[in-house]
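Colleague: Would you mind keeping the following structure in view while I ask a few things?
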Amino acid sequence: MGYFADANEVDKYIGGVFRAAAEHPESGPKFRSAGINLRVLYTDPDVEMWVLMREPAMEVTTGPSDETADITLMMRSDTGDKYWRGEYNLAVGLAKGEVKAKGPVNKILKLVPLTKPLFPMYRDLVADKDAAQA
């Protein structure tokens with residue numbers, strides 16, 4: 001079994017860090033100004049997550065959307081967890097085929113450095129879950 005028990009946990013933790021990113025003083029304005037509709041298809045458990053990076057507010061939702069994705073990433077939910085912990089290199093994952101992408105990948109790779117300040121926030125979000133599993 002993977003790290004996440006169900007789709008709700010993927011939304012709570014990974015969706016939660018994206019929601020926190022919108023409020024982050026350094027990353028938030030840069031994410032919002034990116035103007036990118038990111039669709040992430042997670043598996044094990046399966047979740048379709050949308051991150052709409054636009055002004056005036058970034059939006060994070062799960063489930064199908066009428067939006068058009070600029071970029072679609074496909075990966076295991078556990079890969080997303082490792083990424084947000086700072087333990088997974090997205091560029092290497094794309095090169096190895098562990099993460100699949102549709103759309104201009106260079107756009108998403110430009111956003112990757114903005115996520116680094118969020119790694120401690122993610123680790124804080126999952127700290128209680130980690131302690132319960134230990």
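The values are calculated or read from the model by the stated rules, or taken from the named source; none is laboratory data. The structure presented is a predicted model; accordingly, all values stated were derived computationally and were not measured. Quick reminder, even Gly has a Cβ in these numbers, built from the backbone with ideal geometry, and neighbours come from all protein chains shown. For accessibility, only protein heavy atoms count, side chains too; no ligands or nucleic acids. Shrake-Rupley method; radii C 1.70, N 1.55, O 1.52, S 1.80 Å.
Colleague: Taking the Cα centre of the range 7-123 as origin, sum charge times position over the Cβ atoms of Lys and Arg (+1) and Asp and Glu (-1), and report the length of that vector in debye to the nearest 20.
Modeller: 480 debye
Colleague: Rounded to the nearest 500, what is the 222 nm mean residue ellipticity of the chain from helices alone, with -39500 (n - 2.57) per DSSP H run of 4+ residues and division by all residues?
Modeller: Working: 7 runs with 62 residues, N = 134.
Rounded to the nearest 500, it is -13000 deg cm²/dmol.
Colleague: Still on this model: Given the convex hull over the Cα atoms of the chain, what projected area results after averaging over all orientations, in nm²?
Modeller: For the Cα atoms of the chain, the hull's average projected area reads 7.7 nm².
Colleague: Next question. Are any of the pairs Lys82/Lys129; Lys30/Lys116; Lys30/Lys102; Lys30/Lys107; Lys82/Lys107 more than 19 Å apart by Cα-Cα distance, and if so, which? Mind dumping the intermediate values first?
Modeller: Numbers: Lys82/Lys129 14 Å; Lys30/Lys116 13 Å; Lys30/Lys102 22 Å; Lys30/Lys107 12 Å; Lys82/Lys107 21 Å.
Cα-Cα > 19 Å for Lys30/Lys102; Lys82/Lys107; rest within.
Colleague: Principal axis lengths of the range 1-63 from Cα atoms, whole Å, largest first?
Modeller: Reported extents, whole Å, longest axis first: 37, 19, 12.
Colleague: Also: When ligands, DNA and RNA are left out and all protein chains stay put, how many square angstrom of accessible area per residue does the range 17-63 have with a 1.4 Å probe? All intermediate terms of the calculation are to be shown ahead of the outcome.
Modeller: Working: 2060 Å² over 47 residues.
The answer is 44 Å² per residue.
Colleague: Tally Lys and Arg at +1 and Asp and Glu at -1 over the other residues with C-beta under 12 Å from the C-beta of Leu73: what net charge comes out?
Modeller: Counting the neighbours of Leu73, the net charge comes to +2.
Colleague: How large a share of the accessible area of the range 7-123, in percent, is made up of carbon and sulfur atoms when the probe is 1.4 Å and the other protein chains stay in place? Before the final figure, lay out each step's value.
Modeller: Values: 2960 of 5720 Å².
C and S fraction of accessible area: 52 percent.
Colleague: Just to be sure I understand the model, the point goes 7 Å from the Cα along the line to the Cβ. What's the resulting Arg85 to Lys116 distance in nm?
Modeller: Label at Arg85, label at Lys116, 2.0 nm between them.
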